[in-house]
């Protein structure tokens, strides 16, 4: 894969950044010895990647989150190791950032250092979220996240879904939307994230080329 | 409008605006903060007013004022914040003011935790404030139900001139699901001829008040508003019931927990155990009558809640002593697992519990 060593995952609130980040870290572990995921989400109180600590430890992915060791606290505290995650040249690192510009603000604290390293910043788009269901909305959040973080988006992720009921049409709708955003911004589409069940049914060449099948690690069995 | 993905807290705001809510007063608290956040953006765009009050107490009293002027008004919070609002809620009930109050419950007592809980059942169904009053209380189990019942709540509040509660838990507030906005059924609402919006010197001033110093006058007032509560008990009970007639074990659960219960029920079915469920959608008024439909095969009733068993008393009233009532509960923000519920179902069906 062509992605840079440091991958930063941003997007609108509820676009599916954490689910993508978790899947991405798992995928990276297949080809990289040292993989770490850093949960920089200081916005959400629930459904954060830190809840999957045990899972990551089992598969050998390092996880970093709040310096306060409690999954149930919403205090924006980050540990000193975060700088190591960002700068260590031997580490394949994924930064799972909170949603919207308010979540991306945490990146500004590291942007000086990030700019001096090789990085990719992904922008996750879910076309089934009302606020990013059109080009204008998607562009608005992309620009705000760039300006708040002081970093440039380098790749777009189409993550348009309807949870466990995702249909091929949802993915195709999101693909067209992401394509338009790509046209407006000159930022390439990097991945088309699709749950495995639906991924099998896709036959659109453009989507297949960048298909990134995912598992739903963050949804409990009783959730839709 | 086709299906979109929304988090429960966003859906509260969107549904309220759809229902004609023009005023939101609130103070942020996890796990319901996205409600004021959403309203701060969307309500002014819809021609309404969002105001972040200096406290929860101020917010509910601003709702009281807006409701008194005849506007559709709402506040939202999470457990400790809802406790602070209790004085305003009983005042609104006493003054017969329609309004909608949303509670995304979190662990308690006291400041508790920020994780999901259902431990405000007593407070919601018994009246958390002082005096003889009741509040209609909807317990949605999905983001779609949040949309549907928030919209319905505004109509019911106006119809009865009474506060209406939406009693959800933090999990639904934070969870994202597919929702659709459908036109709600039309309800004929009485004209708001009691509001304090100026007399234009054409009528006597309306007075909005919950203070009645003469005992007999207050007694009359109490008996008057009691007629509304009786009507609610008669006409507003909502529930979902399934498989009661031939169930070995009947489960009772509301809100998010009922979804975990249903997952456990499907697992029990694979093991050959027949189960049924009663899911109160209104936790007040409570669906006592549906318990009569439980068949004679049943060995017991299992209530599953994210609290210490606050619904058990209501379930026992419904069961009327005909069956043993068991409890499976988690507290403090811990969410139950289908496995632990399945274990209890098996024990009850096998006669070992």
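Could you tell me whether region A:149-157 includes any residue that is within 14 Å of another protein chain (Cβ to nearest Cβ), under 18 Å from the mean Cα position of the chain (by Cα) and surrounded by 15 or more Cβ atoms within 10 Å (Cβ to Cβ)? No, region A:149-157 has no match at all. Among the residues of region A:200-221, are any within 14 Å of another protein chain (Cβ to nearest Cβ) and closer than 17 Å to residue A:9 by Cβ? Checked region A:200-221: at least one residue is within 14 Å of another protein chain (Cβ to nearest Cβ) and closer than 17 Å to residue A:9 by Cβ.
Output the residues belonging to region A:99-122 that are within 14 Å of chain B (Cβ to nearest Cβ) and without any contact (Cβ under 8 Å) to a residue 60 or more places away in the chain. A:101, A:102, listed by residue number. Of all residues in region A:197-221, exactly one satisfies the criterion of being part of a helix (DSSP H, G or I), surrounded by fewer than 16 Cβ atoms within 10 Å (Cβ to Cβ) and touching a helix residue (DSSP H, G or I) at 6+ places or on another chain (Cβ under 7 Å), namely A:206.
Please pick out the residue among B:42, B:19 that is within 14 Å of chain A (Cβ to nearest Cβ), surrounded by fewer than 22 Cβ atoms within 10 Å (Cβ to Cβ) and touching a helix residue (DSSP H, G or I) at 6+ places or on another chain (Cβ under 7 Å). The unique qualifying residue is B:42.
Looking across B:333, B:318, one residue alone is assigned to a helix (DSSP H, G or I) and either surrounded by 17 or more Cβ atoms within 10 Å (Cβ to Cβ) or in the same structural domain as residue B:133 (by TED's automatic domain parsing) (or both). It is B:318.
Yes/no per residue for (1) within 14 Å of chain B (Cβ to nearest Cβ); (2) modelled with pLDDT of 80 or more; (3) touching a helix residue (DSSP H, G or I) at 6+ places or on another chain (Cβ under 7 Å):
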position	(1), (2), (3)
A:6	no, yes, yes
A:22	no, yes, yes
A:33	no, yes, no
A:37	no, yes, yes
A:55	no, yes, no
A:60	no, yes, yes
A:75	yes, no, no
A:81	no, yes, no
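Does at least one position in region B:243-259 carry a residue that is modelled with pLDDT of 95 or more and exposed (fewer than 15 other Cβ atoms within 10 Å of the Cβ)? Within region B:243-259, one or more residues are modelled with pLDDT of 95 or more and exposed (fewer than 15 other Cβ atoms within 10 Å of the Cβ). The number of residues in region A:183-196 that are assigned to a helix (DSSP H, G or I) and under 19 Å from residue A:23 (Cα atoms) comes to 1.
When the test is whether a residue is within 14 Å of chain B (Cβ to nearest Cβ) and farther than 22 Å from residue A:152 by Cβ, residue A:48 passes it. The single residue among B:225, B:197, B:208, B:187 that is in contact (Cβ under 8 Å) with a residue 60 or more places away in the chain and in contact with a helix residue (DSSP H, G or I) (Cβ under 7 Å, 6 or more places away or on another chain) turns out to be B:208. Counting only residues that are within 26 Å of the chain's Cα centre (by Cα) and in a loop (DSSP other than H, G, I, E, B), which one in region B:196-225 is farthest from residue B:68 (Cα to Cα)? Out of the qualifying residues, it is B:210.
Would region B:296-306 turn up any residue that is closer than 21 Å to residue B:242 by Cα, at pLDDT 95 or above and assigned to a helix (DSSP H, G or I)? No - not one qualifying residue is present in region B:296-306.
So if I check each of A:189, A:125, which one is buried (at least 18 other Cβ atoms within 10 Å of the Cβ), more than 14 Å from chain B (Cβ to nearest Cβ), touching a strand residue (DSSP E or B) at 6+ places or on another chain (Cβ under 7 Å) and modelled with pLDDT of 95 or more?
None of the other options fit; the residue is A:189.
Taking region B:113-195 and the helices (runs of 4 or more DSSP H) fully enclosed by it, the elements with 1 or more residues that are within 14 Å of chain A (Cβ to nearest Cβ) and crowded, with 24+ Cβ neighbours inside 10 Å are at B:143-160, B:170-174. Does region B:22-39 hold any residues that are free of Cβ contacts under 8 Å to residues at least 40 places away in the same chain and surrounded by 18 or more Cβ atoms within 10 Å (Cβ to Cβ), and which are they? Correct list: B:33, B:37, B:38, B:39.
The residue that is nearest to the other protein chains (Cβ to nearest Cβ), counting only those in region A:158-169 that are outside any loop (DSSP other than H, G, I, E, B) and in contact with a strand residue (DSSP E or B) (Cβ under 6 Å, 6 or more places away or on another chain), is A:162.
Here's a check for you: in region A:138-148, which residue that is under 15 Å from residue A:13 (Cβ atoms) and touching a residue at least 12 places away in the same chain (Cβ under 8 Å) is surrounded by the fewest Cβ atoms within 10 Å (Cβ to Cβ)?
Across region A:138-148, the extreme among qualifying residues is A:144.
The values are calculated or read from the model by the stated rules, or taken from the named source; none is laboratory data. In this text, all values refer to a predicted model and were calculated from it rather than measured experimentally. Ideal geometry is used to build each Cβ from the backbone, glycine not excepted, and the neighbour counts take in all protein chains shown.
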